[in-house]
1. Once label points are set 7 Å from the Cα along Cα→Cβ at both A:Asn227 and B:Ala341, what is their separation, rounded to one decimal in nm?
2. Label position 7 Å from Cα toward Cβ: report the copy-to-copy distances for B:Asp226 in nm, one decimal, ordered from shortest.
3. Averaged over every viewing direction, what's the projected area of the C-alpha convex hull for the range B:220-393? Give it in nm², one decimal, please.
4. Enumerate the calculated ³J(HN,Hα) couplings along the range A:123-130 in order (Karplus 6.51 cos²θ - 1.76 cosθ + 1.60, θ = phi - 60°), each rounded to whole Hz, writing x wherever the residue is Gly or Pro.
5. Please give me, ordered by residue number, the GluC sites (Glu not before Pro) of the range B:89-190 that lie in loop per DSSP and have at most 14 other Cβ atoms within 10 Å.
6. Grab the beta carbon distance between C:Ser160 and B:Ala164, set R0 = 45 Å, and tell me the FRET efficiency rounded to 0.05.
7. Which ³J(HN,Hα) values in Hz, rounded to whole numbers, follow from the phi angles of the range A:216-230 under the Karplus curve 6.51 cos²θ - 1.76 cosθ + 1.60, where θ = phi - 60° and Gly and Pro get x?
8. Using modelled amide H (1.01 Å from N, peptide plane; none on Pro or chain starts), what sits under 5 Å from the amide H of C:Leu308, excluding residues fewer than 5 places away?
Amino acid sequence: MSLRTTIDEADFKALVAEIESQEGYKKPIGFGIARVDRGQLNPEKILQATFPFINWNENFGSAAIFIGALQESGVEVDFSSSEFVYDVKKKFVKNTMNAFTPYLNHAMGEAHKNVQVIKTLEWIAENEEFKKRYRIVFLFEDDKPLSPEAVYLKLYALSSGKAALRSLNLTGAFSVLENVAWSMGQPIELEWLRAHEVEMKLLGEYPIIESVDKFPRFLSHIIPADNTRVLDSSKVRMGAQLAAGTTIMPGASYVNFNAGTTGAVMVEGRISSSVVVGRGSDVGGGASILGVLSGTNGNPVSIGENTLLGANSVTGIPLGNACIVDAGIAILEGTKVGVSASELSKIIEANPKVKLKKAGKEEMVFFKGLELAGLHGIHFRQNSLNGMIVATRSKREIKLNSELH
Amino acid sequence: MSLRTTIDEADFKALVAEIESQEGYKKPIGFGIARVDRGQLNPEKILQATFPFINWNENFGSAAIFIGALQESGVEVDFSSSEFVYDVKKKFVKNTMNAFTPYLNHAMGEAHKNVQVIKTLEWIAENEEFKKRYRIVFLFEDDKPLSPEAVYLKLYALSSGKAALRSLNLTGAFSVLENVAWSMGQPIELEWLRAHEVEMKLLGEYPIIESVDKFPRFLSHIIPADNTRVLDSSKVRMGAQLAAGTTIMPGASYVNFNAGTTGAVMVEGRISSSVVVGRGSDVGGGASILGVLSGTNGNPVSIGENTLLGANSVTGIPLGNACIVDAGIAILEGTKVGVSASELSKIIEANPKVKLKKAGKEEMVFFKGLELAGLHGIHFRQNSLNGMIVATRSKREIKLNSELH
Amino acid sequence: MSLRTTIDEADFKALVAEIESQEGYKKPIGFGIARVDRGQLNPEKILQATFPFINWNENFGSAAIFIGALQESGVEVDFSSSEFVYDVKKKFVKNTMNAFTPYLNHAMGEAHKNVQVIKTLEWIAENEEFKKRYRIVFLFEDDKPLSPEAVYLKLYALSSGKAALRSLNLTGAFSVLENVAWSMGQPIELEWLRAHEVEMKLLGEYPIIESVDKFPRFLSHIIPADNTRVLDSSKVRMGAQLAAGTTIMPGASYVNFNAGTTGAVMVEGRISSSVVVGRGSDVGGGASILGVLSGTNGNPVSIGENTLLGANSVTGIPLGNACIVDAGIAILEGTKVGVSASELSKIIEANPKVKLKKAGKEEMVFFKGLELAGLHGIHFRQNSLNGMIVATRSKREIKLNSELH
């Protein structure tokens, strides 16, 4: 098989079909070309992968061309593995340029991003630095990621919104990534810092270290929507997802990887790993939503729409729409919550499909937090006269103030 | 009218009087010259205005000279509008230099800041970059700001302490400002980042993004007093005001625009937009003071002097001096608070001018949080035996530890 | 006495013995050579001291050589003072090089760090910048620090783990350090910023200010262990100590100086000055551990091993191992805590050496928080039916999830 210069779109499609027709060929669920940062002491270690563009269940034609170009230069692409990663070399770039010929002049703006990547690489390839700097990765299955490149591709899929939160297998991602010092967005091996500490400190050349972590920051890789705000880049980890219109305030907020928002949300508290918050909700100052790693027995928490978590509240159960958790209280799976008979009727009315035990003759019925999980229109409060945690039917729909903050 | 070289202070004053005597002339409440950052794709958009010095109800002579210099170059200054913004041009600089002649040699240190600005501009004006870089803005009325320059001038007035918190009209400020990525203090249009993402990422030239917001950070524009500390620049938004001696710790604190302190305050919690905290008070770790946008029904909260907000407490009502809100509790407008008859007498004694309902024969009187708003010497606690939120007369004046933290 | 070139290790030791034998000689408890940043306006003020390596109760041979080299150049080292600080000069470097001759070729990696420092300085000494840039400091007693160099040496001793937390005298450290603006790790006098504000702002050369504080950040000076993570450098102050495996999340966490961890700890909350947290413990999101400056009446708080502080909890008393403080509650010295008779027996069983008042016939016994200080296996909760704060025997050992977060 050889990769030829195509003459028009039909010819390009013919070439794609040719490549895809090979025995065992698999369309990748995701792929992309990344610039990689390698270990200063251990250059075989990939510390970071920066994707100018990622493909997720899309652009299978480009995938075929990339695979064909690799094969043409003698690389055996293993379709039976869940992922495949390889160096981008000059010849690969040249071959893909040929195959992309019909698109070269139209690759700009939002059009033909993969072609834009290749055009830029062709230009860079003249540079000596090119070698070892670029890697191409294909995911053939959503299995646990085996390489840093695959982890980054998945983090990009989540953070770009191309894959849904909690939809990807990230098992073992922590062990695949190196713990490094981040300086101006660049990863540095801690061991390298140690090796050069005496010299750099005495010369006044010790680097600025913003963090030491396995993950980079969201804003180092992702350009948010025009109406999204992140007031402090340290507050959102790469792999988080922020829907358009979301605001992350800098006080006590944090959005971990594989967590985030699915609509415009005001965030002044913590959205732990695995937590998803819906449109119009408000995570108050210092509010904590527990993640699967901290107090929810592995049950991921979803928060519905127009729900308000008061300042310094703690939520360990999923909540539906239009709920309120009052400031300063904690609703965990095991928290006993009192509901009066009359409020219980209203709550049942607002949640017609849910089966809840009904009140008998007693004035109050008691539920565990988990029994109220996911219900709509609940207002959790602590009665300040007797300390009882109670739930009532919330009286209002919580709306996000669209202009301010 | 022409702007001439003045020969001494008396002559300068004569020129000022001449300019001010014109029909319809208005003294501006605020004015200043800013270096502006323009949109990379849309240069007509002003993304940031940096003022080396602002004038607020002061230096009306300089204002007259600036207005005269504009008029002399043919610019019609519209005194009937609430604000007027114009480009600073070479000729304007030359004219003002002439008028400022008697002060040129004394403009240094804290003296004659406007003259210092003009002297520096004269020097810069030789540079090609000068064009389109500098803007002069006058506020004739405190109406809602119409231009980014006017918004910035008001934020400077607040953050420099020249205007009192909550004294200025900031209506619509959010819609006037662009949401941009901030990189090393420079604003970048998100659309420009998108247009250059492929190239910059592949070349390893993608900028460091510290935040995406409409507002810059306080420390990017304001030099605090010698004994003021801000341990993390992301924690204070431009437009906040920090009185000398205030310390902003980096844990869970935040001071929003149009909010801050009027004396030395230890801040480890959140001072939301519109909140003002008095001298000697202590906003404990994670404490939240609610703003007009979050839970106070639009009533701005003031906190008095020597008041302590315990760690992770939430305050939604104004408090007087020497109050204590215990760690972990929330006092909101609607919170029912029990007060014993004997404590009520002491509270009334400490607040002689306030009318509070008196205890009858019952042991406890109950108030809504809002009924206790603004009182001095109240200690809010939750009785840990029965969960009741109670208020007592606080036994001590809270003093700020002056040396440590 | 003269400092000679030694010919082998035995000769080196002889020279050391010779120096140490002088009348009044004292071995320093700590010493090191620092590159210093001086005031831009007041160059006699030391704003920061950066140590490539510090010695703490170790390397007394190098100390003797350094002292001998100073004396040889005519400097009188005052052993009667608690500390001694002096400029590093070319001649000093030359003399120590001679004395270190047997080690010059082996000084690399982790070996002979003091010799590495001197070798690097010899190379730098050719540079004009060398003068006034380097200082040597000796601590002869752990008295209150008198110079910025001594404060920094102690902060390094704590942050490097060479000295135990709370073991050093830091009295008055705040008054010895200057409050400065930090820009890319460099300290800048606020007065200098003011003096150059007009010019720098108009030229677009105003520096990026990350913080205004007396202390620098931990990560500006310390390289953590390979498995330690600090997700935001603003969250850990220089002088904190982070044991290997500790993770500092960026949400609402903070570790102040002279505070930290003695084993792998997950930190999402505040570890105030003087607080020490043990291995395997988990400081939940927004949890506050009070320090001696805030609410503990000067009693420093230690937290044991495998103890969990729930999200937004507040702890003002020391805790033993395997305790739990539930999310959202506050346990302070004066908090009344109910313990049922049966739970009290279990708690006593788990704490055999502690004397606790025993239950009589009543169902509940009540303790003040301080009476339960330091006990193991206590679970603090708030009964959500009646608001009572209760303590029970915790049912589980809290383990840190080693892979995730």
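What follows draws every value from the coordinates through simple rules; no lab data is involved. Quantities reported herein were computed from a predicted structural model and do not represent experimental measurements. For neighbour counting, all protein chains shown are included, and Cβ atoms are generated from backbone atoms with ideal geometry for every residue, glycine included.
1. With each label point 7 Å from Cα toward Cβ, the separation is 5.8 nm.
2. 4.9, 4.9
3. Working: hull surface 39.2 nm².
Approximately 9.8 nm², given one-decimal rounding.
4. Calculated HN-Hα couplings, in order: 5, 5, 4, 5, 7, 5, 4, 3 Hz.
5. Working: sites: B:Glu110, B:Glu122, B:Glu126, B:Glu128, B:Glu129, B:Glu141, B:Glu149, B:Glu178, B:Glu189; in loops: B:Glu110, B:Glu126, B:Glu141, B:Glu178.
Answer by residue number: B:Glu110, B:Glu126, B:Glu141.
6. On the way: r = 47 Å, r/R0 = 1.05.
Efficiency, rounded to the nearest 0.05: 0.45.
7. x, 8, 3, 6, 6, 10, 10, 9, x, 5, 4, 9, 9, 10, 10
8. Answer set, sorted by chain and number: C:Asp282, C:Cys323, C:Ile324, C:Val325.
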